[in-house]
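*Asks:* Could you have a look at this structure, given as structure tokens, before my questions?
The values are calculated or read from the model by the stated rules, or taken from the named source; none is laboratory data. As the structure is a computational prediction, the values presented were derived from the model and not from experiment. Neighbour counts are summed over all protein chains in view; Cβ atoms, including those assigned to glycine, are modelled from backbone coordinates with ideal geometry. Surface accessibility is based on the protein's heavy atoms, side chains included, excluding ligands, DNA and RNA. Shrake-Rupley method; radii C 1.70, N 1.55, O 1.52, S 1.80 Å.
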Amino acid sequence: MRSTVMAVCMETTTVGRWHTERASVADGGRAVTVLSFGGVAGRRAQELVGAYAGTRVDWLRLPPEWTQLAADVLDRRLVAARVGWRLVLVGAEAPVLAAQARALAAGVLDDEILAEVVDVGGVEADVRSVHCAHCATVHLASVPVGGLTRCPECAADLVVYHHLSRRTGAYLGYMNDAEDRP
């Protein structure tokens, strides 16, 4: 597979601008749940927890990946959520986006979620969820935006487009040579 470089218009892309979207999500909130994914995220989460003085904070340290355990932990917090509850997600892109998508599906509003992606380095740095437009499956791939990955379900070579769905927590992947096919 050849790699492509894609120019991205940052004014119209749906890719998160993690460094500019940071805000105090706890404003007006009475309780905050912080989910941190992995050790590197834990350091940033600790800074955030300290910033919420005077607010009830529930900080849960999770493994670096999005797992069924993480989903279950978040689901329990979502069921217990009341007016004034806020959610802070800190970690690598893939687990943060998966948790954000799950919270949005449960009815949490964008303004009630602070999703902060930290540079975790190593293998996890470029791991992202990719939604195959051809077979509708989602898979994890170590690929930059604009790069190519193969769908494990339908074997299509996918371009990872700079469209990020908050609903699915995944980037759009479309067939690399779709225009060349009959």
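*Asks:* Over region 92-181, with every protein chain in place, what whole percent of the accessible area is carbon and sulfur at 1.4 Å, could you tell me?
*Replies:* 48 percent
*Asks:* Using unit Cβ charges (K, R positive; D, E negative) and no other charged atoms, how large, in debye to the nearest 20, is the dipole of region 58-178 about its Cα centre?
*Replies:* On the way: 10 positive and 15 negative charges, 73 e Å.
So the magnitude is around 360 debye.
*Asks:* Please list, in order along region 34-41, the HN-Hα scalar couplings obtained from phi with the Karplus expression 6.51 cos²θ - 1.76 cosθ + 1.60 (θ = phi - 60°), rounded to whole Hz, x for Gly and Pro.
*Replies:* Computed from phi, the couplings for region 34-41 are 10, 10, 10, 10, x, x, 4, 5 Hz.
*Asks:* Can you give the Rg to Rh ratio for region 142-182, taking only C-alpha atoms and Rh from Kirkwood?
*Replies:* Details: Rg = 10.6 Å, Rh = 10.8 Å.
Using only Cα positions, Rg/Rh for region 142-182 is 0.99.
*Asks:* Right, next: Could you work out the local net charge near residue 77, counting Lys and Arg as +1, Asp and Glu as -1, over the other residues with Cβ closer than 13 Å to its Cβ? Please list the in-between numbers first.
*Replies:* On the way: positive: 56, 76, 82, 86, 102; negative: 58, 72, 75, 112.
Counting the neighbours of residue 77, the net charge comes to +1.
*Asks:* Over region 85-173, calculate the relative contact order: mean separation of alpha carbon pairs under 8 Å at least 6 apart, over the residue count, as a percent.
*Replies:* Contact order relative to length: 28 percent.
*Asks:* So, by mean Cβ neighbours within 10 angstrom, what's the order for 157-165, 63-71 with the highest one leading?
*Replies:* With the highest mean Cβ count within 10 Å placed first, the list reads 157-165, 63-71.
*Asks:* Still on this structure, I have one more. For region 109-171, which GluC sites (Glu not before Pro) are both in a DSSP coil and crowded by at most 15 other Cβ atoms within 10 Å?
*Replies:* Working: sites: 112, 116, 124, 153; in loops: 153.
Passing both the DSSP loop test and the Cβ count: 153.
*Asks:* Continuing with the same structure: If packing is taken as the mean number of other Cβ atoms within 10 Å per residue, what is the order of 98-111, 79-92, highest first?
*Replies:* Ranking the peptides 98-111, 79-92 by packing returns 79-92, 98-111.
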